[in-house]
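The values are calculated or read from the model by the stated rules, or taken from the named source; none is laboratory data. Keep in mind that this is a model prediction, so the values were computed, not measured. Because the Cβ atoms are built from the backbone with ideal geometry, glycine has one as well, and the counts that use them run over all protein chains shown. In case anyone asks, the SASA skips ligands and DNA or RNA and just uses the protein heavy atoms, side chains included. Shrake-Rupley method; radii C 1.70, N 1.55, O 1.52, S 1.80 Å.
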Amino acid sequence: MGAAQLVILFLALATAVGAPPSEVAVGALFTYDSTIGRAAKLAIELAVDDVNSDGKVLPRTQLNLVPQDTNCSGFLGTIEDPTLSASEYPYFIRTTISDYFQMNAIASIVDYYQWKRVTAIFVDDDYGRGGVEALGDALALKRAKISYKAAIPPNSNTDVINDVLFKANMMESRVMIVHVNPDTGMRIFSVAKNLQMMASGYVWIVTDWLAAVLDSSANRGLKDMSHIQGLIVLRQHIPESEAKDKFISKWNNVAHNRNITSGLNSYGFYAYDSVWAVARAVDKFLSNGQQINFSTDPRLEDSNGSTLHLSSLKIFDGGEQMLHQLLLTNFTGVTGPVQFDSEHNLMPRNTSTSAQQLHDVVWPGDSTTKPKGWVFPNTGLPLRVGVPIKASFKELVSGRGDNMSGYCIEIFNAAIKLLPYPVPCQFITIGDGTKNPSYIDIIRMVAANSLDAAVGDFAIVRNGTQLAEYTQPYIESGLVIVAPVKHVTSSAWAFLEPFTLEMWCVTVALFILVGIVVWLLEHRTNEEFRGSPRRQVITMLWFSFSTMFFSHRENTVSTLGRFVLIIWLFVVLIITSSYTASLTSILTVQQLSTGITGIDSLVSSSLPIGYQAGKFTKRYLTENFNVPLSRLVPLNSIQEYADALNRGPKNGGVAAIVDEKPYIDIFLSNYCSFRIVGEEFTKEGWGFAFQRDSPLAADLSTAILQLSESGQLQRIHDEWFSRSSCSSDDSEVGATRLGLGSFWGLFLVCALICLFALLVFFIRVCRQYNQYSSSEAAGEPSTAAADPVLRQRRPSRLGSFKDLIQFVDKKEEEIKKTMKRRSGEKDSQAAGFSYAQSVASA
């Protein structure tokens with residue numbers, strides 16, 4: 001609020017004992033000749049007049065004002081400080097809105113425009129420091145912070161203000177929050193304009209002290225209004241009401257009559273309500289039968305030679321009761337409802353922010369474009385950039401001091417050149433070049449402000465993002481497994497290796513099954529599937545296995561036979577294609593020495609695993625896959641990689657190495673006897689790390705995107721990640737034999753279709769056999785009567801299994817002819833029998 005306290009009211013004197021006093025004196029402490037004091041003085045006088053003319057409050061007691069000019073004395077007056085609390089000052093009641101609320105409003109504005117760092121310019125007293133502390137807390141809730149505090153000593157001259165603002169201007173933040181005294185604050189903007197700090201690119205947010213200055217100067221105007229063009233100024237909101245309008249009218253009339261040139265500001269309204277709050281509390285106090293008495297305090301004694309006469313000071317005996325009545329205050333004044341919370345603060349009715357409803361702003365320099373809010377600090381100090389130095393992978397980072405080179409360094413330098421402002425950099429190497437430094441420790445150095453940035457092969461991982469701000473990834477990087485491989489020479493029996501023994505057995509059995517099924521379906525209708533038993537067996541086997549090459553010459557004529565053959569040819573196509581691909585792979589691939597095929601098989605084994613020292617791989621394997629630390633072997637260079645893989649687990653080496661893809665690409669470009677196993681099992685990228693909420697991170701991310709869109713990012717990658725000749729061998733690694741598990745579904749479908757076709761076939765045969773047997777039985781009586789010899793040598797039924805087999809072996813065409821002939825004979829016999837009966841009857 002104001003460093004020259006708005007108004008502090010306390011009971012000072014009473015003129016009666018027993019009955020309600022005829023007069024109550026109230027003291028008022030404020031600085032007369034100040035922006036706040038000039039408004040408060042007249043407002044207090046008007047309030048006292050209104051109280052005394054009111055018949056409901058203190059009807060038999062006259063309220064008397066005893067003002068005291070504090071002249072901004074820290075002893076005689078108290079300042080409006082948000083750090084003043086009820087626990088520290090139990091008799092302090094704040095009758096204006098606490099700075100806590102306007103600081104939260106400022107934080108909402110900062111968050112609305114997505115600024116992360118601000119510079120606080122404040123008067124270096126309790127009022128200023130308390131406000132800045134509240135501002136820091138409010139910004140922290142919005143993930144922003146005060147990056148620089150520019151403290152101006154009280155009663156500073158222009159030269160001191162100039163020095164303070166000059167230092168603030170050298171910092172990176174261009175968002176200035178000004179929280180100073182109303183009476184001296186205007187000089188800040190005059191100095192700022194001389195320092196070119198009111199130009200385009202700057203943001204000035206001013207607390208409500210400036211609104212009080214503008215309101216107080218409304219009648220006489222302000223000099224040099226150009227100094228404050230483009231500022232965002234907070235103003236205390238006082239809702240419109242009839243009481244407010246009446247008070248303003250009375251103020252203007254009295255001010256005009258007294259030739260008061262100072263205007264009314266928000267503190268005048270709060271001063272008016274403060275008098276009414278005290279008057280109502282005194283009225284309640286007296287109405288409850290309380291007496292106004294004073295007594296001496298033995299703790300206040302005059303020291304030798306002291307002229308303060310502390311022993312003459314009196315203490316109000318009813319302080320606790322008066323405090324209680326004040327805290328029960330509940331009325332509607334010119335500022336709105338007046339009530340106090342448990343912390344003795346005036347309760348604001350609406351604490352919601354309205355930053356989302358801000359209109360367009362004309363910023364300093366007559367710009368309508370939202371300022372970025374920061375620049376690279378003009379301190380003359382370069383950006384401290386930490387760079388890891390390792391024993392290997394010099395293609396990424398190498399060198400010392402200003403002679404840094406490598407893929408990561410070139411990407412960083414190219415991105416820096418795209419920034420719209422110069423950024424001098426000082427590379428600080430970390431590591432002795434023999435052992436890898438801890439990457440997370442470097443990130444911690446950035447978080448601790450020992451470094452401004454970290455540039456190199458820094459993976460963007462979870463524990464790192466909790467400490468620092470990363471840029472957009474400039475290269476993709478996921479964890480992969482590299483393992484040793486060996487070339488396998490082909491054997492004379494290599495053609496049997498594509499399938500396992502189980503697969504071979506099932507495949508041959510299925511070939512024979514399909515041959516039998518097709519033979520059964522075609523035997524009764526197709527001459528090519530008939531003949532002597534020897535010929536039929538040969539035909540069945542030939543047809544079955546010739547389908548492997550689609551060279552079968554026998555035609556299928558039955559519907560079921562064709563259906564089965566179509567499905568079988570599809571199965572044969574899958575089997576032969578898989579066999580060809582697997583055989584080709586076996587004749588050309590390299591086999592893994594350890595049998596590891598991916599992360600699952602590696603983790604489930606008990607073999608030692610290598611990782612790059614200093615990187616996050618160790619933590620990832622232990623936390624996500626529960627790999628024991630005893631299995632993990634730290635390695636520092638690609639030479640150690642190769643040596644550990646060549647020695648293997650049995651000789652103190654490792655079975656495989658887990659590392660990020662760019663490292664493995666560099667490693668494989670130098671060593672040809674190793675290969676990547678399986679797929680990447682993580683997805684991350686490399687980025688540059690900066691301090692939390694650093695604007696450089698966002699600007700560098702934009703620059704990296706520009707490099708990517710222009711193709712320069714890929715060109716730099718190709719220059720540094722050139723592959724050697726040995727890495728051109730792209731043959732597969734670890735080819736495996738095909739087992740039944742890859743085809744059991746296909747085989748099951750084929751077998752079920754064969755069974756279905758056989759079921760339909762046998763149903764048709766049985767039905768036909770029944771019809772054939774019925775036709776034969778119907779023709780037996782007449783035939784036997786005409787030929788007794790035939791009757792004696794023919795069985796009564798064709799119902800034996802042997803007869804059924806003989807029936808199935810017959811051609812279907814012959815069966816149909818026999819049944820047709822028997823049907824004709826049956827009709828002829830029926831006609832002859834009918835004729836014989838008619839002759840006999842005649």
Per-region count, segment 333-374, residues modelled with pLDDT of 85 or more and under 30 Å from Met198 (Cβ atoms): 15
Members of segment 434-449 found to be on the phi < 0 side of the Ramachandran plot, touching a residue at least 40 places away in the same chain (Cβ under 8 Å) and open to solvent by 50 Å² or more (accessible area, probe 1.4 Å), listed by number: Thr434, Lys435, Met445, Ala447
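I'd like to check something: does segment 152-171 contain any residue that is in contact with a Pro (Cβ under 7 Å, 6 or more places away or on another chain) and closer than 24 Å to Val213 by Cβ? Give the derivation first.
Just the residues of segment 152-171 that are in contact with a Pro (Cβ under 7 Å, 6 or more places away or on another chain), to begin with: 160, 170-171.
Still in the list and also closer than 24 Å to Val213 by Cβ: 160.
Yes - at least one qualifying residue is present in segment 152-171.
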Subset tally (residues that are within 21 Å of Arg444 (Cβ to Cβ), open to solvent by 30 Å² or more (accessible area, probe 1.4 Å) and of a type in the set (Lys, Arg)) for segment 379-433: 1
The lone exception for Arg220 - which of (1) modelled with pLDDT under 95; (2) open to solvent by less than 30 Å² (accessible area, probe 1.4 Å) it fails: (2)
Checking Glu240 against (1) farther than 24 Å from His256 by Cβ; (2) at pLDDT 90 or above, the condition it does not meet: (1)
Count of segment 676-691 residues which are buried (at least 20 other Cβ atoms within 10 Å of the Cβ) and closer than 18 Å to Ile638 by Cα: 1
Qualifying residue in segment 20-41 (condition: assigned by the TED database to the domain that holds Ala243, surrounded by fewer than 21 Cβ atoms within 10 Å (Cβ to Cβ), out of contact with any strand residue (DSSP E or B) (no Cβ under 6 Å at 6 or more places or on another chain) and at pLDDT below 85): yes
Any chance Lys650 is free of Cβ contacts under 8 Å to residues at least 60 places away in the same chain, under 20 Å from Ile443 (Cα atoms) and of a type in the set (D, E, K, R): no
Verdict on Gln196 being open to solvent by 40 Å² or more (accessible area, probe 1.4 Å) and not in a helix (DSSP H, G or I): yes
Residue satisfying all of: in segment 448-478; part of a loop (DSSP other than H, G, I, E, B) and among the charged types (D, E, K, R); farthest from Glu660 (Cα to Cα) among these: Asp452
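Return yes when Thr119 is within 34 Å of the chain's Cα centre (by Cα) and either of a type in the set (Ser, Thr, Tyr) or open to solvent by 30 Å² or more (accessible area, probe 1.4 Å) (or both) and no when it is not. First the steps, then the outcome.
Details: within 34 Å of the chain's Cα centre (by Cα): yes; either of a type in the set (Ser, Thr, Tyr) or open to solvent by 30 Å² or more (accessible area, probe 1.4 Å) (or both): yes.
Criteria met by Thr119.
Let's see how each residue does on (1) open to solvent by less than 10 Å² (accessible area, probe 1.4 Å); (2) in contact with a Leu (Cβ under 8 Å, 6 or more places away or on another chain); (3) not β-branched (Val, Ile, Thr):
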{"site": "Tyr641", "(1), (2), (3)": "yes, yes, yes"}
{"site": "Val658", "(1), (2), (3)": "yes, yes, no"}
{"site": "Ile664", "(1), (2), (3)": "yes, no, no"}
{"site": "Phe674", "(1), (2), (3)": "yes, yes, yes"}
Subset of segment 559-581 (residues that are of a type in the set (Gly, Ala, Ser) and modelled with pLDDT of 80 or more): Ser577, Ser578, Ala581
